[in-house]
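The values are calculated or read from the model by the stated rules, or taken from the named source; none is laboratory data. Just so it is clear, the structure is predicted and the values come from calculations on it, not from any experiment. With ideal geometry, Cβ positions are generated from the backbone for all residues, glycine too; neighbour counts draw on all protein chains shown.
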Amino acid sequence: MALSSERKSAIISDYQREGSDTGSPEVQVALLSAQIQSLTSHFKTHTHDNHSRRGLIKMVNSRRKMLTYLKNKDGGRYLELIGRLGLRK
């Protein structure tokens with residue numbers, strides 16, 4: 001269920017803050033969101049895949065922690081990111 005390298009590089013280039021930025025919270029949250037979306041579609045056909053479900057829950061919790069960090073660090077960047085990703089309606 002890993003992202004292809006082309007998809008990953010496209011996400012990084014869309015959400016990076018500088019030229020060589022790959023570790024900012026925006027990039028990490030965007031990559032996790034893409035992985036979560038792909039796993040969510042996987043579970044529509046494989047409903048009993050509990051081992052992958054555990055990984056999904058870990059990813060969701062990790063994304064939540066990063067979003068909380070970003071919200072406490074810089075509220076404007078947080079609001080812009082959740083708006084772009086369509087999270088927390």
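Residues in the stretch 60-89 that are closer than 19 Å to Ala34 by Cβ and polar (S, T, N, Q) were compared, and the one that is surrounded by the fewest Cβ atoms within 10 Å (Cβ to Cβ) is Asn61. Across the stretch 25-47, the qualifying residues are those that are of a type in the set (Gly, Ala, Ser) and without any contact (Cβ under 8 Å) to a residue 40 or more places away in the chain, and the one among them that is farthest from Arg63 (Cα to Cα) is Ser41.
Every test in (1) surrounded by 10 or more Cβ atoms within 10 Å (Cβ to Cβ); (2) of a type outside the set (Ser, Thr, Tyr); (3) modelled with pLDDT under 95 is passed by Leu32 save one, and that test is (3). Selection of first residues in the stretch 6-24 that are under 21 Å from Ile82 (Cβ atoms) and of second residues that are among the basic types (Lys, Arg) and at pLDDT below 95, restricted to Cβ pairs under 6 Å at least 6 apart or on distinct chains, gives the following pairs, ordered by first then second residue: Ser24/Arg17. Considering only the stretch 29-67, state which residues are touching a Phe, Trp or Tyr at 6+ places or on another chain (Cβ under 9 Å) and assigned to a helix (DSSP H, G or I). Across the stretch 29-67, the qualifying residues are Val29, Ala30, Leu31, Ser52, Arg53, Leu56, Leu67.
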